[in-house]
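Student: Following this message is one structure expressed as C-alpha cells.
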Amino acid sequence: MSENAVARFNSYSGADFVLPSIFKEQVKSINSNTIIYNQYSAIIETAGNQNGILKIYMPNQWFYIASYFTEYYNELLKYKKVALEITTKERLKILNGNQLTDEEKQAISTLQCSDESKSNLIRFITDYSWWGGAKTIDRGDFYVSPILSLARLVNASQSFVADLCAFLSDKQNLVQAIIDGESGAENNIKEVTQTHSYTLQQIFYGAPGTGKSHTINELTENGDVIRTTFHPDTDYSTFVGAYKPTTIEETVMTVIGTKAVAVENEDGSKRKETKIVYEFVAQAFLQAYIAAWRKYAGAGENEPKKQFLVIEEINRGNCAQIFGDLFQLLDRNESGFSEYPIKADADMQKQLKKELYGLSVVNANKINALYNNRNVVSEVFNGDILLLPDNLYIWATMNTSDQSLFPIDSAFKRRWDWKYIPISNANKGWTIKVNGNKYDWWNFLEKINTQIGSTTNSEDKKLGYFFCKAANNEISAETFVGKVMFYLWNDVFKDYDFDSNIFKDDNGETMTFDKFYTAESKDAKVKEDKVEAFLKKLGVDATGQQGDDENNNVPNNISIRVNGKEIKYINAVPYTAVEEYVKMHPEMSAQQVIDVWEPFKKCSMRSWVVCNKEEHDSMEPKYANYSYEIKCSDGNSIWVNKDGWMHYPENQKLRDTINEFMSAVNNSNLGITITEIPA
C-alpha cells in the first residue's frame, strides 16, 4: 500500500517553503482549531485543558509531508472499514499476531475483490509489522504510527503530521496546491532555501534540550554577535538603553573674586574628588544597532558584514513592553530595511549622534531611494530617526515548555519567521549509568516523550536530546534525578492525574520525587535502585556491550540458520538476513532495501537496523565501525547494525532482541526464514 507514497515523498529534499495563497485563504482552521500563518511556519491554537489555550508550532514542511500520504491514509481507512465488516472492534484489539476464526475467514472469502486484496486484508488485520501499525485498528488514531514511520519522523515530536494528513485526505485540490506551490514546488523551495539560513528576524523554537541555541551558534560562527536574555523583569530600558549612575573624578574648584580656581594640595598638585553623574548606557539592542550601521559606514563599496542580535528565551519577557515603539521597526521592506522609520527620543538622539555623527555610506543614494529619496541615511547618523539596516539580524530562541507570564500577541508573531527545531536523535551514544548498568538515553527520551504526549496532549513538555549534559557520554544517576526527574515531577506531571505504573515501585507504591533520595539531610544520596526501577518500568533498553564477533558466539547447544545458512555469531543473524534479501532482489536499490527493513528497527536496542552512507557517516565512530557493509546492485552500500543484539541474556529482565528479530522476519513474508533448533 505504501510504495507509491514513499517513492513520491523521497523526491522531497526537506527544505522549507512558503504555503500557497490559495491554501491560506481556504484553510482558516484545522479540526476547529484556529491557525495563524507565518512565512515559513504556522501556529495552531487549540483549546486545551486547565492550562487554557495550547499552541502547536509547525514548520511548513509538515504540510508538505502530510500532502504525500493522504492517499495512503484513505487506503488505510478503506481497509479498516472492511475489517469492521468481517469482525468486531473487540476482536480487532487482539488479532495482531493471532489467527482469524473460520467465520472471519469465510466472511473474507465472500468479499467482491481479488485474491490478492483478500490476502492483504488478512495481513492488515493480523500482522501490524506489514503496514507499520503500533496502535490497534479499532482506535481512531491507528493511522498515526504507519504514516510517521513511512515519513521517517519521530513519533514523540511530530505526530501532528498524521493529523494534517487526515485533515487533507478529502481536499485533493489543496494537496495539489501544496505540492505545486505558487509557481511550481521546485522553484518555490529553491527560492526559500537560498535565503532561509539568514532570515532577518526569526525565532528558533522547540522543546527544551533540542539545541536551539547551539543551532544559532553554528549559524553565526565567526560572526559578530551581541546576546541578551529576556526574563520577567526585562523592560525597554534594559533592552535598549537608559541613563545610569556612574562615577567620575573631577578637579575641585573654588571661586576667588569672579574666577573659578582649582584647589591645590599641599604639594601643589590639583585636588581631585569623585562625583556621581548620570550617563546614557546603551544596552543590547542599541549596541547591535550602532554596530550594524558602523559596519555599513566601514564597508565602502563592499557588502557590509552581518551583525547579529540574539535574544535567548524571548517568551519569558513581556515583548510588547520591552520592544515598545521599536515594534514598528520590525516591518522590513524587500531590501531588508525597516519599512517605517521611527523618531528617536531626545536622550537616544544624543547617544546616537555621539556614536554615529560624521559617518557616511558610499551607497547612501540607493538606501534613500527606498524612501522616496528622503535623506534617511543622514537622519540616521544624526540620531534623528531609528531605521534597521539590512545587515542587522535579530534572532531569538523560545522554549515551548515555558509557561510565559506574558503571551506573545499575534501582531508580534507575524513579524518573525519561525524555525522549528525538532526532537531528534543526536547519535551521541549517551547512556544513563545507574547501579553499574547503562541505559540508552535516546531510548529513554522516546519512551518518556510518548508518556508526556499521551498525558498532556502537547508537544511543549517533551524532552530534547540535550536536555541535560553527559560527561564522557554518560549521564550519572545524580544528574538524571536532579534534572530529568525533577522536571518530570515539577513541570510535567504534577498538574495531571498521572496513574501510569512507571512511577510505581515493586510494592505498588508511587515513587514520589523525595523517594529517589536517602533521608540523610544534607548528605542525601540518590537511591539508584529506585532510578533503575523507574527506567525498567518505562521499558528503557539496557545497552549491550560492544565487542568482537568472537564474544557473540551462538551457544553450542543450538543451531541458527538463515535460509539454510549456518550462523556462527549471534549478531550475524540480522546482517545475514538482510544480505540474503539483497541477493534475492537484485532489482532493488539500496534505499529500497532500507525502506523494507526500516520497520524492524523496533527489534533493535539501538533503534536502527539498516542505514545508508549519510546516516552511517554521521554516527559516533564506535557505532559506525561496529556494523556490517553490504553492496547493493545499484552500486551503493548499506550498513547493518551489529551492536546490542542479545539471545537468551543471563539477566532475564533484558530483552531477547534476536528472538524478537527472528519472529518479526519469519512473520513478514519477505522470503527469509530463520530457524533455531537444538544442536
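Student: Condition (residue is in the same structural domain as residue 295 (by TED's automatic domain parsing) and under 16 Å from residue 203 (Cβ atoms)) applied to the stretch 338-346: is it met by at least one residue?
Tutor: no
Student: Given the structure, is residue 216 of a type outside the set (Lys, Arg), more than 27 Å from residue 391 (Cα to Cα) and either part of a helix (DSSP H, G or I) or free of Cβ contacts under 8 Å to residues at least 60 places away in the same chain (or both)?
Tutor: The answer is no for residue 216.
Student: Another one. If you go through the stretch 245-264 one residue at a time, how many are of a type in the set (D, E, K, R) and modelled with pLDDT under 85?
Tutor: So the count comes out to 0.
Student: Residue check: is residue 166 modelled with pLDDT under 75 and assigned to a helix (DSSP H, G or I)?
Tutor: no
Student: Quick one: would you say residue 391 is in contact with a Pro (Cβ under 7 Å, 6 or more places away or on another chain), touching a residue at least 60 places away in the same chain (Cβ under 8 Å) and under 26 Å from residue 303 (Cβ atoms)?
Tutor: Here the answer is yes, as residue 391 does meet what is asked.
Per-residue answers, yes or no, for (1) within 20 Å of residue 228 (Cβ to Cβ); (2) modelled with pLDDT under 95; (3) assigned to a loop (DSSP other than H, G, I, E, B); (4) among the hydroxyl-bearing types (Ser, Thr, Tyr):
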| residue | (1), (2), (3), (4) |
| --- | --- |
| 301 | no, yes, yes, no |
| 310 | yes, no, no, no |
| 334 | no, yes, yes, no |
| 360 | no, yes, yes, yes |
| 365 | no, yes, no, no |
| 383 | no, yes, yes, no |
| 394 | yes, no, no, no |
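Student: Another question, if that's okay. Considering only residues that are in a helix (DSSP H, G or I) and either more than 14 Å from residue 86 (Cα to Cα) or assigned by TED's automatic domain parsing to the domain that holds residue 665 (or both), which ones fall in the stretch 124-144?
Tutor: Answer for the stretch 124-144, where residues must be in a helix (DSSP H, G or I) and either more than 14 Å from residue 86 (Cα to Cα) or assigned by TED's automatic domain parsing to the domain that holds residue 665 (or both): 128, 129, 130, 131, 144.
Student: Could you say whether any residue in the stretch 89-97 is within 20 Å of residue 600 (Cβ to Cβ) and of a type in the set (A, V, I, L, M, F, W, C)?
Tutor: No, there is no match, as no residue in the stretch 89-97 is within 20 Å of residue 600 (Cβ to Cβ) and of a type in the set (A, V, I, L, M, F, W, C).
This table checks each residue for (1) closer than 28 Å to residue 483 by Cα; (2) surrounded by fewer than 17 Cβ atoms within 10 Å (Cβ to Cβ).
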residue	(1), (2)
552	no, no
556	no, yes
559	no, yes
566	no, yes
572	no, no
594	no, no
605	yes, no
614	no, yes
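Student: Which one is nearest to the chain's Cα centre (by Cα) among residues in the stretch 210-234 that are charged (D, E, K, R) and within 13 Å of residue 198 (Cα to Cα)?
Tutor: 218
Student: Search the stretch 602-613 for residues that are among the aromatic types (Phe, Trp, Tyr) and pair each with any residue that is surrounded by 23 or more Cβ atoms within 10 Å (Cβ to Cβ) and assigned to a strand (DSSP E or B) when their beta-carbon atoms are under 6 Å apart and the residues are at least 6 apart or on different chains.
Tutor: Short answer, once both residue conditions are applied: 608/641.
Student: Moving on. Restricting attention to the stretch 81-114, which residues are closer than 18 Å to residue 142 by Cα, part of a loop (DSSP other than H, G, I, E, B) and out of contact with any helix residue (DSSP H, G or I) (no Cβ under 9 Å at 6 or more places or on another chain)?
Tutor: Selection gives 88, 93, 94.
Student: A further question follows. Within the stretch 542-558, which residues are farther than 14 Å from residue 658 by Cβ and modelled with pLDDT of 75 or more?
Tutor: 556, 557
Student: Restricting the search to the stretch 473-496, which residues are of a type in the set (Gly, Ala, Ser) and surrounded by fewer than 18 Cβ atoms within 10 Å (Cβ to Cβ)?
Tutor: Selection gives 476, 482.
Student: Let me ask something additional. Please verify whether the stretch 61-79 includes one or more residues that are modelled with pLDDT under 85, of a type in the set (A, V, I, L, M) and outside the structural domain of residue 668 (by TED's automatic domain parsing).
Tutor: Checked against the condition, which is being modelled with pLDDT under 85, of a type in the set (A, V, I, L, M) and outside the structural domain of residue 668 (by TED's automatic domain parsing), the stretch 61-79 yields at least one hit.
Student: Scan the stretch 250-260 and tell me whether some residue there is of a type in the set (D, E, K, R), crowded, with 16+ Cβ neighbours inside 10 Å and part of a strand (DSSP E or B).
Tutor: No - not one qualifying residue is present in the stretch 250-260.
Student: Identify all residues within the stretch 220-243 that are farther than 22 Å from residue 317 by Cα and either modelled with pLDDT under 90 or among the polar types (S, T, N, Q) (or both); write none if there are none.
Tutor: Selection gives 220, 221, 222, 223.
The values are calculated or read from the model by the stated rules, or taken from the named source; none is laboratory data. Treat the numbers as computed from the prediction; the structure is a model and nothing was measured. Please note: Cβ atoms are built from the backbone with ideal geometry, for glycine as well, and neighbour counts cover all protein chains shown.
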